[in-house]
1. Let me confirm something: among Y70, Y38, which residue is surrounded by 15 or more Cβ atoms within 10 Å (Cβ to Cβ) and over 13 Å from the mean Cα position of the chain (by Cα)?
2. Only one of these is in a helix (DSSP H, G or I), surrounded by fewer than 13 Cβ atoms within 10 Å (Cβ to Cβ) and either of a type outside the set (G, A, S) or touching a residue at least 40 places away in the same chain (Cβ under 8 Å) (or both): T26, T13, T60. Name it.
3. Checking I77 against (1) part of a helix (DSSP H, G or I); (2) surrounded by 14 or more Cβ atoms within 10 Å (Cβ to Cβ); (3) within 10 Å of the chain's Cα centre (by Cα): exactly one of these is not met. Which one?
Amino acid sequence: MDDKTVVDAFLDTVMNQLETGDPPETKATLDRLMSEGYSKSQALQAIAAVLRVEMNRMMTEGTPFDNARYADLLAKIKGEKS
């Protein structure tokens, strides 16, 4: 699986989170990042990167997805244009 396929899979997951509203922090983060100067594409990429971090932790440690940790990581994304 090439890197583009992996990136696309994470973006698809983020889009699914936005469509279902689960977790709600994904939409809140998208809105916040766009208000801080990210384009929609940049914001989606940043959220997908955070999702990848949490999924890698989950796979490495053999633990379930941690929604609270994911929400905390989303909250730590900083806007590009301050």
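Where a number appears in this text, it was derived from the coordinates with a stated rule and is not lab data. Owing to the predicted nature of the structure, the values given are computational and were not obtained by experimental measurement. Neighbour counts are summed over all protein chains in view; Cβ atoms, including those assigned to glycine, are modelled from backbone coordinates with ideal geometry.
1. Details: Y70 fails: over 13 Å from the mean Cα position of the chain (by Cα).
Only one candidate passes the filter, namely Y38.
2. On the way: T26 fails: surrounded by fewer than 13 Cβ atoms within 10 Å (Cβ to Cβ); T13 fails: surrounded by fewer than 13 Cβ atoms within 10 Å (Cβ to Cβ).
Selected residue: T60, the only one of T26, T13, T60 that is in a helix (DSSP H, G or I), surrounded by fewer than 13 Cβ atoms within 10 Å (Cβ to Cβ) and either of a type outside the set (G, A, S) or touching a residue at least 40 places away in the same chain (Cβ under 8 Å) (or both).
3. (1)
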